[in-house]
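Following: one structure in structure tokens, then a few remarks.
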Amino acid sequence: MPAVHTDVDAPAPRTLKRQLGLPALIAYGLTSMGVLSVVSVYGPGTKISDGHLPAAYVLAVVIMLFTAHSYGRMAVHVPITGGAYAYTTRGFGQVTGFLTGWVMLLDYLFLPMVNFLLFGLYFNSLFTGISPWVGTLICLVIVAVFSVIGVGWIKRMNSVIVVLSILVIIAFLALAVVNAPHLSLAAVTTPLSIGEGGLGPIFAAGAIVAFAFLGFDGVSTLAEETKNPRRNIPRGIILSTLFAGLGYIAFTVAGSLIVPDWTTLTNLDAAGTELMQRAGGDALMVVFVIVNVTGIVLCGTAAQMSVSRVIFAMGRDGILPPALARLHPRFRTPVIASGIVSVVALVALFITLDQAVYMINFGALIAFAMVNLATIKVLFFDLKLRSGWGFVRHLIMPAIGFVSIAWLWTSLAWFTYVLGVAWLAIGVVVYVVRRKKAGGPLALQLDGAETEQMPVLQYQD
């Protein structure tokens, strides 16, 4: 009788530890976006919308929910770490998937930098005699340590800061109502309506405040660290986006109550701090600053963890050097990938906040657009999931999401496109070199099968 060969002695695949539930995913998504990030664009957004910022947030949350829906649908069928990289590879092949993952790295690489720069600015405001770059470096080191420790610790801290942020918002809402100069139904509904300028100012402000939602897609990169990912990842993405949007809308409505005439704000760039002070005095303002600074650290950590997971996935698939997929023996987190991201983050010491935001917008919106297209390609055309609500959920909704994101992408500054194209050119060179070294096409590997023959699950709602 011939011997039977088995793979018992074969090395186990490198996978991450599953330890996250739905509440942890929602908390992670909220901290990735920044529950209090609404304050950073309150002043400019109110000016552009001519006092109708809540209406702009309503528009933005609707647009983002369409894209969040696409992420959730794809997470059901591609429940692995990698986010937009994995989804686009499944839909359009390894080349398109790599380039999408490459521009997504741009988003994730610079998102922590924004938080480091913001921390430095707050640090300098508290300790005026110390340069902002000192605070930036302190935040960078803290985030680097947290990234190696892993999600086991971060999920607890995320939950705490989310609760504290929500309490600050609730306190602000209550105090804004109590101390509003003129409280009436009209005072609440007017900022939610279309002003004398029509839809133009609302759409213009919506293009800006939509960037407050950047980070929800980071939930999809935790698929291999999530319990029951096919159920929890889609819910985590949708619910974190929805909750953040509702919080943004409530905050801006309360802001319009406490300051009905936005032109009376003395400093639009620091409008959030001024709103807190007018509503609850110095006590609320100090609490807000402390919670916000802590949230900045955790938001940077969430972003850095996301990009290290994407690099881990690309290293495991051979598109980037395999050494990047090495795991910490105790925490089972990507060690080398996390270290590289920390080193790259040192760029934050030499760039401005505007430059970092430019790069984030380019990468994030391209990734969002590609996930919408991948949803149509994989679910509607490849798997033919068209019965019942399938036509709406797998064609109409992703199409609306793609068109909306494409419109936002055209609103970026010209400098963004220059930097983005340069980054893409570098990505092409990296891919060609890696492909030549591999001696053939580079494909995403799922459960030992190449992308083109990847098994999929039977669709169920």
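Residue 223 falls short on exactly one of the conditions (1) closer than 26 Å to residue 25 by Cβ; (2) modelled with pLDDT of 85 or more; (3) of a type outside the set (D, E, K, R), and that condition is (2).
Is segment 267-283 home to any residue that is in contact (Cβ under 8 Å) with a residue 60 or more places away in the chain, closer than 30 Å to residue 327 by Cβ and not aromatic (Phe, Trp, Tyr)? Among the residues of segment 267-283, not one is in contact (Cβ under 8 Å) with a residue 60 or more places away in the chain, closer than 30 Å to residue 327 by Cβ and not aromatic (Phe, Trp, Tyr), which makes the answer no. Of the residues making up segment 342-396, those that are outside any helix (DSSP H, G or I), in contact (Cβ under 8 Å) with a residue 40 or more places away in the chain, surrounded by fewer than 16 Cβ atoms within 10 Å (Cβ to Cβ) and hydrophobic (A, V, I, L, M, F, W, C) are 351, 389. Taken over segment 238-282, the criterion of being of a type in the set (Ser, Thr, Tyr) and outside any helix (DSSP H, G or I) is satisfied by 266 alone. For segment 233-272, a residue qualifies if it is under 11 Å from residue 38 (Cβ atoms), under 23 Å from the mean Cα position of the chain (by Cα) and not aliphatic (A, V, I, L, M), and the qualifying residues are 245, 247, 248, 251, 252, 272. Within segment 273-297, being among the β-branched types (Val, Ile, Thr) and under 23 Å from the mean Cα position of the chain (by Cα) holds for 289, 290, 291, 293, 294, 296, 297. Only a single item in (1) free of Cβ contacts under 8 Å to residues at least 40 places away in the same chain; (2) within 26 Å of residue 33 (Cα to Cα) is not met by residue 186, and it is number (2). The condition of being of a type in the set (Ser, Thr, Tyr), buried (at least 16 other Cβ atoms within 10 Å of the Cβ) and farther than 25 Å from residue 302 by Cα holds for only one of 226, 190, that being 190. Among residues of segment 146-164 being assigned to a helix (DSSP H, G or I) and small (Gly, Ala, Ser), the one that is modelled with the lowest pLDDT is 152.
Conditions tested, residue by residue: (1) surrounded by 24 or more Cβ atoms within 10 Å (Cβ to Cβ); (2) at pLDDT 80 or above; (3) in contact with an Asp or Glu (Cβ under 9 Å, 6 or more places away or on another chain); (4) among the aromatic types (Phe, Trp, Tyr).
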residue: 53; (1), (2), (3), (4): yes, yes, no, no
residue: 66; (1), (2), (3), (4): no, yes, no, yes
residue: 72; (1), (2), (3), (4): no, yes, no, no
residue: 77; (1), (2), (3), (4): no, no, no, no
residue: 82; (1), (2), (3), (4): yes, no, yes, no
residue: 109; (1), (2), (3), (4): yes, no, no, no
residue: 113; (1), (2), (3), (4): yes, yes, no, no
residue: 121; (1), (2), (3), (4): no, no, no, no
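In the set (1) at pLDDT below 85; (2) over 14 Å from the mean Cα position of the chain (by Cα); (3) crowded, with 21+ Cβ neighbours inside 10 Å, the condition left unmet by residue 60 is number (1).
If only one of 297, 307 is surrounded by 23 or more Cβ atoms within 10 Å (Cβ to Cβ), β-branched (Val, Ile, Thr) and part of a helix (DSSP H, G or I), which one is it? Before you say what the answer is, go through the steps one by one.
Values: 297 fails: surrounded by 23 or more Cβ atoms within 10 Å (Cβ to Cβ).
Unique residue meeting the criteria: 307.
Which residues, counting only those in segment 206-221, are part of a helix (DSSP H, G or I) and out of contact with any Leu (no Cβ under 6 Å at 6 or more places or on another chain)? If the condition is that a residue be part of a helix (DSSP H, G or I) and out of contact with any Leu (no Cβ under 6 Å at 6 or more places or on another chain), then 208, 209, 211, 212, 213, 216, 217, 218, 220, 221 are the ones that fit. Among residues of segment 230-248 that are surrounded by 19 or more Cβ atoms within 10 Å (Cβ to Cβ), those with a beta-carbon under 7 Å from a residue that is among the polar types (S, T, N, Q) at least six positions away or on a different chain give the pairs 232/226; 233/220; 233/226; 237/220. Would you say residue 108 is assigned to a helix (DSSP H, G or I), under 22 Å from residue 337 (Cβ atoms) and touching a helix residue (DSSP H, G or I) at 6+ places or on another chain (Cβ under 9 Å)? Taking the combined requirement at face value, the residue satisfies it.
Residues in segment 165-192 that are among the aliphatic types (A, V, I, L, M) and part of a loop (DSSP other than H, G, I, E, B) were compared, and the one that is modelled with the lowest pLDDT is 183. Of the helices (runs of 4 or more DSSP H) entirely within segment 26-104, those holding at least 2 residues that are closer than 27 Å to residue 200 by Cα occupy 42-49, 53-77.
The values are calculated or read from the model by the stated rules, or taken from the named source; none is laboratory data. What you are looking at is a predicted structure, and each value in this text was computed from that prediction instead of being measured. Cβ sites come from the backbone with ideal geometry, for glycine too, and all protein chains shown count toward neighbours.
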